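Input: a single structure, listed below in structure tokens.
What follows draws every value from the coordinates through simple rules; no lab data is involved. Source: prediction; values computed, not measured. Cβ coordinates were reconstructed from backbone atoms using ideal geometry, including for glycine residues, and neighbour counts include every protein chain displayed.
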Amino acid sequence: MKSKIVSFFIVFFLQVIIFEKSYFFNGIVFSPIIFYFILFNYTKDSFGDLTLAFFIGFILDIFNDSLGIYSLGLSLVVFVRNYWIPFYFPFDRISSNKFYNSYELGIQSFFFYSFPLIFIFNSFIYIFELSSGIFILFLILKILLSAFLNFILILILQFLLLSSETKYDWF
Amino acid sequence: MQILIRILAKNKYDFYFFFLVVISFISIYNNNPYYNSSFFNSSNYVVGTFFQTRASIMSYFTLNQINNEIMKENFFLKKKLLQKNRSQYNYQDSINNSNYDSYNVINAKIINNSVYKRNNHFTINKGELDGVKVDQGVIGFNGVIGKIHSVSANFSVGHSLLSSKLMIPSSIGGSKIISSVSWLGVSPETLNVLYVPKHLNVNKGDTVFTSSFESIFPERIPISVVKKVEKNSNSNFLDIKSYPIENFYSIYNVYIVENKMKQEQKLLELNNEK
């Protein structure tokens, strides 16, 4: 629990201090905050998770002058994840204290689990906040590249924040 | 009714999500001034203080660049002053002086800025207590930066030139024909100059200046430089692309300009419309 709170604050400050202003390769943005919503424990139809996502998104929106965008983007990730986990994983593997990271799932399985969620979040942010007046194909390529680089960032954060000693202490 | 309650109870998670979606979309698309008020954006006290602390830490790493900019500005002003001392006071000077005398200037620092969004904003370390008001213009050393849209006691947030919500009345080169500069969101290096009639001779390298229309900026403040001119057969206007004169990736010191006569001008115009 303690490492979960510490990780949240690290990810949150990375988002608002470093990555809020950073803009790579002419249009790629990093959203480390999504790390927290992909890896945390899963409870089916949890109102708490959805409210937390909306609330954290709302705070990010205030920092970002983008009222409504991050709150909806993060809520969308939590909502889709609510149905994605039972769909993607065989039901005998789902439990509320299971964690969904590459230590547990393996990199390949973690990629197929997390990439669609990152892609949805990035698509939402690009469509509503970042893009305008660019070709649709170029936009899709940008979203795909951004989602892939965010996946790499999540892996790095996971290896940095969830050390082998603390990874089982995550919940 | 019972069926409806049963459906609601069964899908309460989905309905709750839908409720959050509705709230978010209202926030995204609502133009209500309540949403633009200082609490819900980076001009609020907590976020503003946070950005100011971040900006003061970051500024230590860019001191060299800031010094160079100030040196450049000092050099430019010194040159202007010397030129002015040498020249005789003439009719043209009196016109220019009266034009700039009607403006108040407040110096400020940009503490947060974005360039990659559809509507880019900047946060300034001056607010209502320093005399900043909504709709005042913001200029940098080289030219136009944007317009203030939200003010709290100590901070303010503005739409930058790289915002689709901002359209600035302009004129190209020495001509008096009014055009508009706006950003279509393609690239931070490209601004569109709209409504320039085809008969006007516009060349690559011409400077686009502010016009006194809308009375936000003083006249003849540079906005952008023309980089491409095309004649479209389907339109009566030239298709002009320009690049902003200010480098939005690194803006630090800015000036907020207030037209002291704006209220009077607007009131008169409003009375005439009735």
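Would you compute, from DSSP H runs of 4+ residues alone, the mean residue ellipticity of chain B at 222 nm, taking -39500 (n - 2.57) per run and dividing by the full residue count, rounded to the nearest 500?
About -10500 deg cm²/dmol.
Sort A:69-79, A:116-126 by the packing proxy (mean of other Cβ within 10 Å over each peptide's residues), most packed first. Provide the component values of the computation, followed by the final result.
Values: A:69-79: 24.9, A:116-126: 20.8.
Those peptides, ordered most packed to least, come out A:69-79, A:116-126.
Report the FRET efficiency, 1/(1 + (r/R0)^6), for B:Leu4 and A:Asp45, where r is their Cβ-Cβ distance and R0 is 22 Å, rounded to 0.05.
Step by step, r from the Cβ atoms, then E = 0.65.
Return the average number of partner chain Cβ atoms within 10 angstrom of each residue Cβ along peptide B:183-189.
The mean count of partner-chain Cβ atoms within 10 Å per residue comes to 3.
With springs connecting C-alpha atoms under 10 Å apart, model chain B as a Gaussian network and identify which of B:Ile221, B:Ile110, B:Ile70 has the largest mean-square fluctuation.
Of the options given, B:Ile70 has the highest mean-square fluctuation.
If I model a spin label at B:Tyr195 and B:Lys260 as a point 7 Å from the Cα along the Cα→Cβ vector, what separation in nanometres do I get?
According to this spin-label approximation, the distance is 3.0 nm.
Of the residues B:Phe25, B:Phe15, B:Phe213, which exhibits the maximal mean-square fluctuation in a Gaussian network model of chain B defined by a 10 Å Cα contact cut-off?
Per the Cα network of chain B with a 10 Å cutoff, B:Phe15 tops the list.
Using a 10 Å cut-off on Cβ to Cβ distances, tally the other chain neighbours for every residue of A:71-79 and report the average as a whole number.
4
For peptide B:13-24, compute the average count of partner chain beta-carbon atoms within 10 Å of each residue's beta-carbon.
For this peptide, the per-residue mean of nearby foreign Cβ atoms is 6.
Take the residue pairs B:Lys126/B:Lys260; B:Lys126/B:Lys266; A:Lys142/B:Lys126; B:Lys117/B:Lys227; B:Lys12/B:Lys117 and return only those whose Cα atoms are more than 29 Å apart.
Violating the 29 Å limit, Cα to Cα: A:Lys142/B:Lys126; B:Lys12/B:Lys117.
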